[in-house]
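Scroll down for the structure; my scribbles are underneath it.
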Amino acid sequence: MRTRLDTLVVSALQQGSAVPAFTCYDFTTALAVVGAAEQAGRGAILLVAPKTAATPNGLRLIAALRGLADGASVPIAVQLDHAAQWQVIADAVSAGADSVLVDGSSLPYEDNIALVRGVRAALEAQGADVVIEAELGGLAGDEDRAFGADAAGADAAGLTDPAQVEDFVARAGAQLLAVAVGNVHGKYKGEPRLRWDVLQDIAVRTHIPLVLHGASGIPAAELVKAAAMNVGKVNFNTELRTGVLALLEQRLAAHRADGENLQGLLAEWDREARSFAAAALGTLSR
Ligand code: 13P
């Protein structure tokens, strides 16, 4: 069943859990994620990257994911990730996204607030009931291609300033807040060094659920601490891609030799993505 992203996240937090969100560039991966969520009996979030949503096929993917969410036996939300362009947001919402990360984190503070408020007002004017996530603090790394970023890169991109959180949340009017606490998109160079002290400081300053991006590479033993600090949504992309690409690399030749067996290869893709999603669901669930 398709569900509001904020409802899903708030109810998970009430049980001491967080909800994993997975970037889906294709329908095979999305089917695997929803299958894993159904097997676990837990909700999950399907993320669509803005570069995907900016194409006609990407908009059709969003419509297909919405249909997949509608038919699922567990709560599933479909979110447009990291969008700053109004046209991409408007098109994705028309195609079926029911939540958007309005990402003004690279803008000056006041411009970030103005972007979130502007998008919210424009969506309301269209009568669209869309859950908004905002982001405060910059995340190092690329969202779609994994190059290494280290703690220095994370610091340079800008940790979330806890002193700004109350004002930002009150004025931006988002339902969820993505934070930068040493997390990066893509691969971590060296060990991730998450600033749990900063996260704790943020968590006491707002009641809206927090979101941790860049979960790939953060050990499960660390991720389990997130929900206790009001982190109700945890975003995965790189590790899921890595697993699928490695599997395709290893198994392609055998399936070609087996009569160009695309069906067999897709079944293995499903197993790989399903087991990654199942592990993430298990880590974040209480
Ligand atoms: P990773 O690619 O580092 O897992 O980050 C995913 C993400 O934050 C998507 O928004």
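FYI, it's all coordinate maths here, none of it is from the lab. Source: prediction; values computed, not measured. With ideal geometry, Cβ positions are generated from the backbone for all residues, glycine too; neighbour counts draw on all protein chains shown.
With r as the distance between the Cβ atoms of GLN14 and GLN164 and R0 = 30 Å, compute the FRET efficiency 1/(1 + (r/R0)^6) and round to 0.05.
Efficiency for this residue pair is about 0.65.
Tell me, what ³J(HN,Hα) does each residue in the stretch 51-60 have, in order and in whole Hz, if you take phi through Karplus 6.51 cos²θ - 1.76 cosθ + 1.60 with θ = phi - 60° and put x for Gly and Pro?
Working through the residues one at a time gives 5, 5, 5, 7, 10, x, 5, x, 5, 5 Hz.
Considering lysine pairs in the chain that are 8 or more places apart or on different chains, how many have Cα atoms under 21 Å apart? Spell out each step's value before the answer.
On the way: LYS51/LYS187; LYS187/LYS225; LYS187/LYS233; LYS225/LYS233.
Counting lysine pairs in the chain gives 4.
Provide the gained length on full extension for the span SER94 to MET1, in nm with one decimal, where the gain is 0.36 nm per separating residue minus the Cα-Cα distance.
31.6 nm
Suppose we keep just the DSSP beta bridges with both residues in the stretch 139-240; what percent of those would be antiparallel, to 5?
Around 0 percent antiparallel, to the nearest 5.
Please work out the FRET efficiency for the pair SER275 and ASN57, using the Cβ-Cβ distance as r and a Förster radius of 30 Å; give the result to the nearest 0.05.
0.65
List the trypsin sites (Lys or Arg not before Pro) within the stretch 159-206 that DSSP assigns to loop and that have no more than 12 neighbouring Cβ atoms inside 10 Å.
Answer by residue number: there is no such site.
Using θ = phi - 60° and the Karplus curve 6.51 cos²θ - 1.76 cosθ + 1.60, what whole-Hz ³J(HN,Hα) does each residue of the stretch 12-17 get, with Gly and Pro shown as x?
5, 4, 4, 9, x, 10
Could you calculate the contour length gain from GLN39 to ARG193, that is, 0.36 nm times the residue separation minus the distance between their Cα atoms, to one decimal place in nm?
52.2 nm
To the nearest 20 debye, what charge dipole does the stretch 56-172 have about its Cα centre, counting +1 at the Cβ of each Lys and Arg and -1 at the Cβ of each Asp and Glu?
The calculation lands at about 440 debye.
For a quick check of your reading of the filter: which GluC sites (Glu not before Pro) in the stretch 196-286 sit in a DSSP loop and have no more than 11 other Cβ atoms within 10 Å?
Those satisfying the criteria are GLU260.
Considering Cα pairs under 8 angstrom that are at least six residues apart, work out the relative contact order of the stretch 238-286 and quote it in whole percent.
Values: 20 pairs, mean separation 20.7, N = 49.
Once divided by the residue count of the stretch 238-286, the mean separation gives 42 percent.
Tell me, in nm to one decimal, what length is gained between GLU249 and ALA220 on full extension, where the rule is 0.36 nm per residue of separation less the Cα-Cα distance?
Once the chain is fully extended between GLU249 and ALA220, it gains 7.8 nm.
Using θ = phi - 60° and the Karplus form 6.51 cos²θ - 1.76 cosθ + 1.60, what ³J(HN,Hα) does each residue of the stretch 27-35 get, whole Hz, x for Gly and Pro?
7, 4, 5, 4, 4, 5, 5, 5, x
Points 7 angstrom from Cα along the Cβ direction at ALA267 and VAL204: gap in nanometres?
5.5
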